[in-house]
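This report refers to the structure that appears directly beneath it.
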Amino acid sequence: QLVYPHDFRLTEKEKTSICYLSFPDSYSGGLGDTQFSFRLRQSGGPRTSPFQDDGRYNREAPLTLQREAAHYFGYVYFRQVKDSSMRRGYFQKSLVLVSRLPYVNLFQSLLQLIAPEYFDKLEPCLEAVCNEIDQWPPPVPGQTLNLPVMGVVIQVRIPSRVDKPGSSPVKQFNQENLLPAPLVLPSVHELDLFRCFQPVLIHIQMLWELMLLGEPMVVMAPSPTVSSEMVLALTSVLAPLRYCCDYRPYFTIHDSEFKEYTTRTQAPPNIVVGVTNPFFIKTLQHWPHILRVGELRMSGDLPKQVKVKKLAKLKTLDTKPGIYTSYKTYLHKDKSLIKRLLKGIQRKRPSEVQSALLRRHLLELTQSFIIPLEHYIASLMPLQRAITPWKNPPQIRPFCQEDFMKTLEHAGPQLTCVLKGDWLGLYRRFFKSPNFDGWFRQRHREMTHKLEALHLEAICEADIVAWMKDKSEVEIVDLVLKLREKLVRARCQHLPVKEETLQRVELYIDTIIGSLPEDLQAVLHH
């Protein structure tokens, strides 16, 4: 019905997809308001973002919270109430917030404030809200922001890449000058993991492995809310490692990728997809891992835990909750985690405390797995003394899987993790996954940038006048062009170099040009 701001360009294909993804696609008898999320592939080529950002946000934000380049997130507030004046006897409407940022908590909290007003007052309400949001500061990693909207101030901290993983957000809230007291969100994005994983707590190890390996997985849920929360919870279990595969928190049969995912002529893609329509039980039967969950109910006891079942059992539409897979875990189960969570349930510990326990456990598991890889890749970096000013910097040595495996005997995950099992098998399979590829590319890029930065520093330390003594004009001009190119690259790629180093290189260039004949000086200055 309405897109606001009016000048926001969406292709027809995107509009259609957003419409289908904004409503539950199977009968939901529940009346009232529900909230859920989706993620949508952008169609129709790259678009300029209305935000002026030179990439600083993505450089400083944690990898898991970067602004997406090719996908939109949709945050939905859906209302369904009886209304005899409507043709179908119901009022059904959704307000959807579209963003490239995965701030599920912030945007869903915002919708809780805006949507009820919007259903009542319609467009004027959106106009007023957008005018307020226009005044919000940009999200700067590491900063705590106060965001005024509709008489409330939402206070939230934007996480930064330099935050220590697993530390609780710094309490740097200055409450005294804010009246009324702000609505403080503990996190822009973290879900209540304990609540999301209620029915699968005893299988958390298996789910972590499946996510680590980027395995194709379907989450079948009774509602878009359960489906989207479960998918987002699953993709967050590897933090701070980035989950590099595709994921769809909520997916309908009308989706343009429906054919691509349901075809049996090729293997299912590396993706986690959340669905609610029972029709998918039939069309996605050939997928290797299917998690079927019921409604999430918080109760005083450990909720009924689903069982791992054979895929062959997945036949009927009234399929029971369970994890349908033939996957055998590489690592043994961690019984101590379940015991601690059970104790928490008996002691009526708040859900956020249980979630923190769970998140800590997953973080330690991921770190135990990734630290040996980090150590090995750091050893591929050339020695600093091999970096000399007048030669191209040496290459990073190639990553050799067998060499890495040999390091595990002395410096493997067993140093930091009590879990026994086939760690070597897990690494071998991880090497074939998109998550390894994504991690390796990221690290390689960072190391290449570091080498370039070290090379610039070596040039700054060098005695340029001594070097020029026995050089021809051609060699000197060549050096000027090379140094200029290095400077441009350092600034464009925001290499980790001090500004004073760059200024010294500029000074060098001017010194060198000054020593050349005037006709050459003119050409080079030009």
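The values are calculated or read from the model by the stated rules, or taken from the named source; none is laboratory data. Keep in mind the model is a prediction, meaning the values are calculated, not measured. For neighbour counting, all protein chains shown are included, and Cβ atoms are generated from backbone atoms with ideal geometry for every residue, glycine included. SASA here: full protein model, heavy atoms, side chains in, ligands and nucleic acids out. Shrake-Rupley method; radii C 1.70, N 1.55, O 1.52, S 1.80 Å.
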Q: Report, in degrees rounded to the nearest 10, the 0 to 90 angle that the Cα long axis of helix 123-134 makes with the longest principal axis of the chain.
A: 30 degrees
Q.
Within 12 Å, Cβ to Cβ, of ASP163, how many net charges do the neighbouring residues add up to if Lys/Arg are +1 and Asp/Glu are -1?
A. +2
Q. Can you give the accessible area of PHE23, probe radius 1.4 Å, in Å² rounded to 10?
A. 80 Å²
Q: Can you figure out the FRET efficiency of ASP163 with ASP519, using R₀ = 51 Å and their beta-carbon distance, to the nearest 0.05?
A: 0.40
Q) Among VAL293, PRO268, GLN66, whose Cα lies farthest out toward the positive end of the dipole of the chain, if unit charges sit on the beta carbon of Lys, Arg (+1) and Asp, Glu (-1)? A) VAL293
Q: Return the distance in nm (one decimal) between the two label points of a simple spin-label model at ARG360 and ASN58, each offset 7 Å from Cα along Cα→Cβ.
A: 3.5 nm
Q: Quick one: net charge around PRO216, please, counting Lys, Arg +1 and Asp, Glu -1 for every other residue with C-beta under 15 Å from its C-beta.
A: -1
Q) Could you give me the ³J(HN,Hα) list for the stretch 336-347, computed from phi with Karplus coefficients 6.51, -1.76, 1.60 and θ = phi - 60°, whole Hz, x at Gly and Pro? A) 5, 4, 4, 4, 5, 5, 4, 4, x, 5, 4, 8
Q | Percentage relative contact order, the chain, counting C-alpha pairs under 8 Å, at least six apart | A | 12 percent
Q | Set of aspartates and glutamates with alpha-carbon distance to LYS320 below 17 Å, sequence-local pairs under 8 removed | A | GLU295
Q) Carbon and sulfur together cover what percent of the accessible area of the stretch 12-140 at a 1.4 Å probe radius? A) 53 percent
Q. What residue among LEU212, TYR250, ILE323 has its Cα farthest toward the positive end of the dipole of the stretch 193-335, where the charges are +1 on Lys, Arg and -1 on Asp, Glu, each on the Cβ?
A. ILE323
Q. What accessible area, in Å² to the nearest ten, does a 1.4 Å probe give for VAL523?
A. 100 Å²
Q | Rg/Rh for the stretch 415-496, where both radii come from Cα atoms and Rh is the Kirkwood radius | A | 1.28
**Q.** Straight-distance crosslink candidates among aspartates and glutamates, where the alpha carbon sits under 19 Å from LYS310 and sequence neighbours closer than 8 are dropped
**A.** GLU209, GLU215, ASP318
Q | Stretchable slack from LEU342 to LYS93, in nm (0.36 nm times residue separation minus alpha-carbon distance) | A | 85.6 nm
Q: Mind checking the full-extension length gain between GLU257 and LYS498? Use 0.36 nm per residue of separation minus the Cα-Cα distance, one decimal, nm.
A: 82.1 nm
**Q.** Average accessible area per residue (Å²) across the chain - probe 1.4 Å, nucleic acids and ligands excluded
**A.** 53 Å²
Q) Does anyone have the angle between helix 104-121 and the longest principal axis of the chain? Alpha-carbon axes, 0 to 90°, nearest 10? A) 50 degrees
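Which semi-axis lengths, in whole Å and largest first, follow from the square roots of five times the eigenvalues of the Cα gyration tensor of the chain?
47, 32, 23
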Q: Could you look at the stretch 439-526 and say what percent of its accessible area is carbon and sulfur, using a 1.4 Å probe and all protein chains?
A: 55 percent
Q. With the Cα gyration tensor of the stretch 112-266 giving a ≥ b ≥ c as the square roots of its eigenvalues, does the rule (a/c under 1.5 for rounded; else a/b larger than b/c for prolate; else oblate) give rounded, prolate or oblate?
A. oblate
Q) Over the stretch 193-335, what is the mean sequence separation of C-alpha contacts under 8 Å (at least six apart), divided by residue count, expressed as relative contact order in percent? A) 31 percent
Q: Scan around VAL153 for amide H atoms under 5 Å from its own, H built in the peptide plane at 1.01 Å from N, and keep only partners 5 or more places away or cross-chain.
A: LEU183
**Q.** Computed [θ] at 222 nm, helices only, for the chain once each DSSP H run of length n ≥ 4 contributes -39500 (n - 2.57)
**A.** -12500 deg cm²/dmol
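Taking a ≥ b ≥ c as the square roots of the Cα gyration tensor eigenvalues, with a/c under 1.5 meaning rounded and otherwise prolate when a/b beats b/c, else oblate, which class fits the stretch 193-335?
Rounded shape, in that the Cα axes give a/c under 1.5.
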Q) Counting only DSSP beta bridges with both residues in the stretch 193-335, what percent are antiparallel, rounded to the nearest 5? A) 25 percent
(Q) On a 1.4 Å probe surface of the protein chains, which of LYS282, LYS348 comes out largest in accessible area, and what is the full order? (A) LYS348, LYS282
Q. Amide H to amide H under 5 Å from VAL219: which residues, 5+ apart in sequence or cross-chain, H placed 1.01 Å off N in plane?
A. VAL273, GLY274, VAL275, LEU291
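Could you tally the net charge around LYS420, taking each other residue with its Cβ under 13 Å from the Cβ of LYS420, Lys/Arg +1 and Asp/Glu -1?
Numbers: positive: LYS333, LYS335; negative: ASP334, ASP422.
Overall, the nearby charge balance is 0.
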Q: Might you work out the accessible area of LYS15 for me, using a 1.4 Å probe with all protein chains in place, and round it to the nearest 10 Å²?
A: 80 Å²
(Q) If I fit a long axis through the Cα atoms of helix 473-492 and take the longest principal axis of the Cα atoms of the chain, what angle between them do I get, 0 to 90°, rounded to 10? (A) 20 degrees
